[in-house]
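Have a look at the structure below before the remarks.
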Amino acid sequence: MRAPGISADLYRTITEFAHGTPGWVHTGAEVGTEAGLLAFAALFVAGWWRARTRDDRSMALALLAPVAMVCAYLVSSNVKDVLREERPCRAVPHAMNIASCPPPGDWSFPSNHATIAAGAAAGLLVAWRALAPWVLSLAVLEAFSRVFVGVHYPHDVAVGFLVGLTVAAGVSLLAARILTPLVERLRAWGPLGPLALGTAAPAPSPAAAP
């Protein structure tokens, strides 16, 4: 697969700008492009902990968030192996990449990092809607950072982002129908169920009639 010319031109513009930024920005971008994924992992744990006192569907969605992210990654990774687009840090003449260029055979389209970030964000916002502005902003920043450090074209991260959002959200919502009854049963299973999954808060009693 050959990259569109407009995406290659935008890649040059972004990476030339990135190359001219101070060294501490380069370091921050290189570290941040990986550290953002760790932030999502911490949010998965926080989502599970929060769901321990909520209803069974909330716990099911919290447990499905990382599973949905992995499903999105698998779709992206298989598409990469079929289309085989070369990395811009090798294909674009005189590319100004900050990060080391991945080895040959590590294809570019779509961006797995963007897919994972958007997939994590989608899984989290389905399970915990209040996080939506934060996780979506983090995912966008993570996706952009892959172009900024020079290892992806803009269209790589844009498509990866859409794959992550759609696949992860779909998996979470569909699989929750199956997992919710299982969570209900596991919560009632001896001492281990409540220990791992918590106990749903009792529904509020209806107000007494006047």
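Data overview
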item	result
Pairwise centroid distance, computed over Cα atoms, of the stretch 64-135 with the stretch 35-57, Å	21
Exposure of Leu10 as accessible area (Å², to 10), given a probe of 1.4 Å and all protein chains	80
Extension reserve of the Ala46-Ala196 stretch, reckoned as 0.36 nm per residue once the Cα distance is removed	52.6 nm
Most mobile listed residue (Gly164, Gly20, Gly150) in the chain, GNM with C-alpha springs under 10 Å	Gly20
Estimated dipole of the stretch 59-150 in Debye, rounded to 20 [Cβ of Lys and Arg +1, of Asp and Glu -1, Cα centre]	80
Per-bin percent of Cα-Cα distances, the stretch 1-57 [5 Å]	4, 14, 12, 12, 13, 13, 9, 8, 8, 7, 1
By accessible area with a 1.4 Å probe, ligands and nucleic acids excluded, highest first: order of Trp134, Trp128	Trp134, Trp128
Point-to-point label distance, Arg12-Leu38, nm (Cα→Cβ direction, 7 Å offset)	3.7
Fraction of alpha-carbon pairs over 15 Å apart in the stretch 109-177 - percent	47
For the chain, diffusion coefficient by Stokes-Einstein and Kirkwood Rh (Cα), 10 °C, 1.306 mPa s, µm²/s	86
Qualifying trypsin sites (Lys or Arg not before Pro) in the stretch 76-124, DSSP loop, other Cβ atoms within 10 Å at most 16	Arg84
Residue-level accessible surface for Leu74, protein heavy atoms, 1.4 Å, Å²	90
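The values are calculated or read from the model by the stated rules, or taken from the named source; none is laboratory data. This is a predicted model, so every value here is computed, not measured. Glycine gets a Cβ as well: all are built from the backbone with ideal geometry, and neighbour counts include every protein chain shown. The area values use the complete protein model at the heavy-atom level, side chains included, leaving out ligands, DNA and RNA. Shrake-Rupley method; radii C 1.70, N 1.55, O 1.52, S 1.80 Å.
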